[in-house]
Amino acid sequence: MILRFRTVFYREVFLLLLVLFSFQSTFGQTEDSTAKVINFRGTASVTNNGFSFIPAFSLGKPAAIFGFNINGGKRFSFEPEFRFALQDGRPWSFIFIWRYKVINQKRFQATLGSHFPAVPFRVLAYETTPEVKNTLAVSRVIPFEFTPNIVINKNNSISLFMLYAKGVSDDAHNNTSVIMLRSVSTIPLNKKLSFRINPQVFLLKLDEFKGTYIASNFTLTSKKTPFYLGSTINAPIKSDIAGKPFNWNLSMGYSLDRKLIVKK
């Protein structure tokens, strides 16, 4: 079972990296007034601790994460994310995010979205004679989100993220809701280096359980390289939801941002 997971994992990692590098070399043709521009962004990262702000969706082990953002216009985007455990190569979660900007102004945007589908995986043990074997089980949830965002300037913004998820499988929480106040600040360290900080405070409800948390993402990027360093922290202020009292990770990633010009 583990060997099969690893084979599938390395094959899918290779294919995803191949897609990233092919876009790196083929995107960015000369733009003209009759062409349609498709924006493509992609990231590939590894982390020592894969966790989610929703504890039930955390892995708690080293992980590889691949994310994409495909935007064919100013309003609509498709942002799938694929997460894998590094130790055995098994899928951790697949999330297919669709977003649409219902308001798209210079200083204010409001975005509606759905994670359809959102598929977290987990390992179940079952007994067979004479040994215990593992199999993958899939939980199914359908989340919807709404995000108003205020742009203060090119380096600072503040937003309110609201998410509701309905469990559609027996093992998933029936009702999950998140209300999160967050900001993003990019601090130029010099001409090449910049540091981004994304502090957040949020309320999480899982059926009858609830908790308030503080969290933040930190990212160090350079204009000279597509590689970046990142870290995430998360801690409960007050919570009756099972989970670690403090969670953190370190990650290293590769990113690209390209435009595909489709001539009409």
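The solvent-accessible area of Lys36, taken with every protein chain present and a 1.4 Å probe, is close to 90 Å².
Rolling a 1.4 Å probe over the protein heavy atoms gives region 208-264 an accessible area of 66 Å² per residue. Counting only heavy atoms of the protein chains and using a 1.4 Å probe, Phe209 has close to 90 Å² of accessible surface. A 1.4 Å probe over all protein chains sorts Glu208, Glu145, Glu81, Glu131 by accessible area into Glu208, Glu131, Glu81, Glu145, starting with the largest.
Take the cross-link list Lys101/Lys238; Lys101/Lys166; Lys74/Lys166; Lys224/Lys259 and give me the ones stretching past 27 Å between alpha-carbons.
Too far apart for the 27 Å limit: Lys101/Lys238; Lys74/Lys166.
The accessible surface of region 134-204, taken with every protein chain in place and a 1.4 Å probe, is 63 percent carbon and sulfur. For region 149-264, the calculated P(r), taken from all Cα-Cα distances in 5 Å bins from zero up to the bin holding the longest distance, is 2, 9, 14, 16, 17, 15, 11, 9, 4, 2, 1, 0 percent.
The values are calculated or read from the model by the stated rules, or taken from the named source; none is laboratory data. A quick note: this is a predicted structure, and the numbers were derived from the prediction, not measured. These accessible areas exclude ligands, DNA and RNA; they are computed on the full protein's heavy atoms, side chains included. Shrake-Rupley method; radii C 1.70, N 1.55, O 1.52, S 1.80 Å.
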